[in-house]
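Inspection log for the structure reproduced underneath, given as structure tokens.
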Amino acid sequence: MQMSIREAKARFSEAIAAAMRGERVVITRHGRAMVELIAATGKQSLNFAAADAYLADIGWDSSTMKLPQHFDDPAFSRNVLGLDD
């Protein structure tokens, strides 16, 4: 199923029902696909092999990439993003 943003707003319940049935629901803007609705059934899984292949294609090697020890600290993230006062 493909619909414009305007149609999706008017027929949102129908679009969700279609996605829940497993249909591909694509929302377009000016004829270009912008969003795809999928059901959050838990059947979707991350494809780590595809992610690793993509990172290799763009030259990233996660085995040699070094992150700071405090990388997962929220204060570090706020500092990097410039959110600290």
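What the table shows:
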| quantity | calculated |
| --- | --- |
| Out of ASP57, ASP85, ASP61, sole residue that is out of contact with any Gly (no Cβ under 6 Å at 6 or more places or on another chain), at pLDDT 85 or above and loosely packed, with under 10 Cβ neighbours inside 10 Å | ASP57 |
| Among residues of segment 63-85, those that are farther than 27 Å from ASP52 by Cβ and over 25 Å from the mean Cα position of the chain (by Cα), counted | 2 |
| Within the chain, strands (runs of 3 or more DSSP E) holding 3 or more residues that are in contact with an Asp or Glu (Cβ under 9 Å, 6 or more places away or on another chain) | 25-29 |
| Filter result for the condition that a residue is in contact with a Leu (Cβ under 9 Å, 6 or more places away or on another chain) and loosely packed, with under 12 Cβ neighbours inside 10 Å, over ARG6, ARG24, ARG32 | ARG24 |
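The values are calculated or read from the model by the stated rules, or taken from the named source; none is laboratory data. Owing to the predicted nature of the structure, the values given are computational and were not obtained by experimental measurement. Quick reminder, even Gly has a Cβ in these numbers, built from the backbone with ideal geometry, and neighbours come from all protein chains shown.
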